[in-house]
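Notes for the one structure printed next.
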Amino acid sequence: MTHPRALIAGGGIGGLVTALTLHQIGLPCTVFESVRDPKPLGVGINLQPNAVRELFDLGIGADRLDTVGLPAREWALVGLNGADIHAEPRGLEAGYHWPQYAVHRGRFHMMLYQEVLDRLGPDAIRTGCRVTGYDQTEQGVTVHVESASGPFTETADLLIGAEGIHSATRAQMFPDQPPIHWGGALMWRGTTRARPIRTGSSFVGLGTHKHRMVIYPISPPDADGLAEINWIAERTLDAGEDWRETGWFREVPIDSFAHHFDQFRYDWLDVPALIRGASRAFENPMIDRDPIPTWVQGRVALLGDAAHAMYPTGSNGASQAVVDARTLGACLVAHGATPAALRAYDDKLCGPVSKLVLRNRGAGPFGLLNIVDERCGGHFDDIDAVIPPQERAAFLADYKAAAGFAIEALNVAPPTLPKSARIDLTHP
């Protein structure tokens, strides 16, 4: 081919950041998105400082992120008695060079979507087009696409499969992969207009590994002091219970689950009132996929949830997709639009992120709640007598290092992609 280019299957967060990254380094690309009319779906997610750094380097700064969320100031775990197990500053207040952001997933997604159209042009994203498979040779990859007007094929140098947990690209790469893994936990998600707690921008995990709440604001307070509070109510089913519903992010009546959290009432937080203050709630199982030995096959690479769908216990699924895209871009600059670039990307990320998938399956940073539950049942007078400060700090430092946002390493790391970095389009 005289003009190398890439095709991206999936227009979610990972696929769109990949498109922006490829545009930055000078590699033409097209995104195929199966949804005909993308909308701002979902509720809150966190963007860790390692991902925010990459967004800043893409020219998506605080002025833009402030329109879809707000910087996080604190991360805290709380026992069943409502007392702190551990609390620490986050983002700039922790000494990072970049903030951590709590954002509305749908609004963040739509911001990236518009950014791709503005920078790459109106034809950069082809909606209503679902990638169903691929064929490849030493010279390129032919991608099979279904659309309302009928099936068609496109040929390019590379295919990036970023279609999420149900990725057809991954299914072709690993036709014998196990089914989606569910460990028995259900999540109910919603947002409520309420007064933010603690610092006004705190991420709070409350309860135990098998029965907990996660609460944080995703907007600044309005004139009345109310913010959009994102909450996730999580419960692992007992051995005798069963759940056979289908669908992802299924709307359910709030009264169908709120009673499971009635005991979470404290002088500083009324969880039942928070849950029942939402206008809508959505249920979905906490699922992931078993790690695979490689994300790459020749000229095809997986990225984001297609590569490493993980439990949201570490608040880093979207962050890792951003880091994936930027790491891929750096490998393309180093090796051109070639299989060698994809191999370098795979060598750098597949192994450590696969370990992170399994770590999140085992509760991730919420493992501290497990330890406290095992040692004292979640009720204590002196947390330091249950789990010393040094043990708590070491536990979380180890997780941050595994997830790629240890402050000491991140603050001194060179940019993943210098602003002047460009791909060599003549690279063999």
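The values are calculated or read from the model by the stated rules, or taken from the named source; none is laboratory data. Predicted, not measured: the structure shown is a model, and the values here were computed from it. Cβ: placed from backbone, ideal geometry, glycine included. Neighbour counts: every protein chain shown. The area values use the complete protein model at the heavy-atom level, side chains included, leaving out ligands, DNA and RNA. Shrake-Rupley method; radii C 1.70, N 1.55, O 1.52, S 1.80 Å.
Are any residues in segment 99-108 in contact (Cβ under 8 Å) with a residue 60 or more places away in the chain and either in contact with a helix residue (DSSP H, G or I) (Cβ under 6 Å, 6 or more places away or on another chain) or assigned to a strand (DSSP E or B) (or both), and if so, which ones?
ALA102, VAL103, HIS104
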> For ARG343, are the conditions met, namely being modelled with pLDDT under 95, more than 16 Å from the chain's Cα centre (by Cα) and either under 19 Å from GLY10 (Cβ atoms) or of a type in the set (D, E, K, R) (or both)?
Replying inline: no
>> Being assigned to a strand (DSSP E or B), β-branched (Val, Ile, Thr) and more than 12 Å from VAL78 (Cα to Cα) is the filter here; which residues of segment 197-232 pass it?
In response: ILE229, ILE232
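Among the residues of segment 209-218, write down those that are open to solvent by less than 20 Å² (accessible area, probe 1.4 Å) and not basic (Lys, Arg).
MET213, VAL214, ILE215, TYR216, PRO217, ILE218
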> Are any residues in segment 21-57 aliphatic (A, V, I, L, M), at pLDDT 95 or above and under 28 Å from TRP75 (Cβ atoms), and if so, which ones?
Replying inline: ILE45, LEU47, ALA51, VAL52, LEU55
> Within segment 155-204, how many residues turn out to be surrounded by fewer than 18 Cβ atoms within 10 Å (Cβ to Cβ), touching a residue at least 12 places away in the same chain (Cβ under 8 Å) and closer than 16 Å to VAL300 by Cα?
Replying inline: 3
> Can ASN411 be described as closer than 27 Å to ILE232 by Cα, among the polar types (S, T, N, Q) and touching a residue at least 24 places away in the same chain (Cβ under 8 Å)?
Replying inline: no
>> Take the residues in segment 409-425 that are out of contact with any helix residue (DSSP H, G or I) (no Cβ under 8 Å at 6 or more places or on another chain) and of a type in the set (S, T, N, Q); name whichever of them is surrounded by the most Cβ atoms within 10 Å (Cβ to Cβ).
In response: ASN411
>> Any residue at all in segment 21-41 that's under 17 Å from the mean Cα position of the chain (by Cα) and open to solvent by 10 Å² or more (accessible area, probe 1.4 Å)?
In response: yes
> All but one of (1) part of a loop (DSSP other than H, G, I, E, B); (2) surrounded by 23 or more Cβ atoms within 10 Å (Cβ to Cβ) hold for PHE380; which doesn't?
Replying inline: (2)
> Across segment 345-366, what is the total count of residues that are part of a helix (DSSP H, G or I), of a type in the set (Gly, Ala, Ser) and surrounded by fewer than 17 Cβ atoms within 10 Å (Cβ to Cβ)?
Replying inline: 1
> Condition test on VAL143, is it in contact with a helix residue (DSSP H, G or I) (Cβ under 8 Å, 6 or more places away or on another chain), over 30 Å from ILE407 (Cα atoms) and open to solvent by less than 50 Å² (accessible area, probe 1.4 Å)?
Replying inline: no
> So which residues in segment 367-408 are under 26 Å from LYS355 (Cα atoms) and of a type in the set (Asp, Glu), if there are any at all?
Replying inline: ASP373, GLU374, GLU391, ASP398, GLU408
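So, in segment 206-222, exactly how many residues are among the hydroxyl-bearing types (Ser, Thr, Tyr) and either at pLDDT below 95 or under 21 Å from ARG361 (Cα atoms) (or both)?
Residues flagged as among the hydroxyl-bearing types (Ser, Thr, Tyr) and either at pLDDT below 95 or under 21 Å from ARG361 (Cα atoms) (or both) within segment 206-222 amount to 1.
In segment 302-321, how many residues are out of contact with any Lys or Arg (no Cβ under 9 Å at 6 or more places or on another chain), of a type outside the set (S, T, N, Q) and modelled with pLDDT of 95 or more? Before the answer, list the steps.
So the first thing to find is which residues in segment 302-321 are out of contact with any Lys or Arg (no Cβ under 9 Å at 6 or more places or on another chain), and the list is 303-304, 312, 315-317, 319-321.
Those still in the list that are of a type outside the set (S, T, N, Q) too: 303-304, 312, 317, 321.
If we keep only those that are modelled with pLDDT of 95 or more as well, we get 303-304, 321.
Residues that pass the stated criteria total 3.
Test GLY314 against the criterion of being closer than 24 Å to PHE405 by Cα and in contact (Cβ under 8 Å) with a residue 40 or more places away in the chain, and give yes or no.
yes
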>> Restricting to segment 223-252, count the residues that are modelled with pLDDT of 90 or more, over 28 Å from GLY69 (Cβ atoms) and loosely packed, with under 11 Cβ neighbours inside 10 Å.
In response: 0
> Of (1) assigned to a loop (DSSP other than H, G, I, E, B); (2) surrounded by 13 or more Cβ atoms within 10 Å (Cβ to Cβ); (3) small (Gly, Ala, Ser), GLY150 satisfies all except one. Which?
Replying inline: (2)
> Listed residues TYR96, TYR113; which is hydroxyl-bearing (Ser, Thr, Tyr) and open to solvent by less than 20 Å² (accessible area, probe 1.4 Å)?
Replying inline: TYR96
> In segment 268-276, is there at least one residue being in a strand (DSSP E or B) and in contact with a helix residue (DSSP H, G or I) (Cβ under 7 Å, 6 or more places away or on another chain)?
Replying inline: no
>> Looking at ASP305, ASP267, can you tell me which residue is in contact with a Ser or Thr (Cβ under 9 Å, 6 or more places away or on another chain), open to solvent by 20 Å² or more (accessible area, probe 1.4 Å) and in contact (Cβ under 8 Å) with a residue 40 or more places away in the chain?
In response: ASP305
> Of all residues in segment 121-138, how many are in contact (Cβ under 8 Å) with a residue 40 or more places away in the chain, closer than 17 Å to LEU27 by Cα and outside any strand (DSSP E or B)?
Replying inline: 2
> So THR327 fits all but one of (1) under 19 Å from GLY14 (Cβ atoms); (2) open to solvent by less than 20 Å² (accessible area, probe 1.4 Å); (3) modelled with pLDDT under 95; what number is the exception?
Replying inline: (3)
